Amino acid sequence: MSPLRLLGTMREGIGGVLFNTECQLMLMGLPPDCQEEDYYQDAIGSFGKFLYLQQEERRLTRVIIRARVIDPQSIPHFIVFSESRGFESDSWTV
């Protein structure tokens, strides 16, 4: 169990994580072929829960999403995002 999940469990006390702050996150550098809901949740899964994509003109270099997080201080400045195929993988810093 990750420390972040443990923190949420202890705070809530019922075995779940309390995502109590809704915020907007700008993900820059995510490849265009990885701009789908499943990829957004995978990218922020360690500290938050994806809610929806902000409706705006599609841009290739950035995506703005709405998410719920445990604590705004838990949001990292950079996220290492990878897509694995066996022992070979590509990774990006978002």
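The values are calculated or read from the model by the stated rules, or taken from the named source; none is laboratory data. Predicted model, so just to flag it, every value in this text is computed and none were measured. Please note: Cβ atoms are built from the backbone with ideal geometry, for glycine as well, and neighbour counts cover all protein chains shown.
Computed quantities for the displayed model
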read-out	value
Enumeration of residues in segment 24-50 that are without any contact (Cβ under 8 Å) to a residue 24 or more places away in the chain and among the charged types (D, E, K, R)	Asp33, Glu36, Glu37, Asp38
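Yes/no matrix, rows are residues, columns are (1) crowded, with 17+ Cβ neighbours inside 10 Å; (2) modelled with pLDDT of 75 or more:
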site: Glu36; (1), (2): no, yes
site: Gly48; (1), (2): yes, yes
site: Arg59; (1), (2): no, no
site: Val63; (1), (2): yes, yes
site: Pro72; (1), (2): no, yes
site: His77; (1), (2): no, yes
site: Ser82; (1), (2): no, no
site: Phe87; (1), (2): no, no
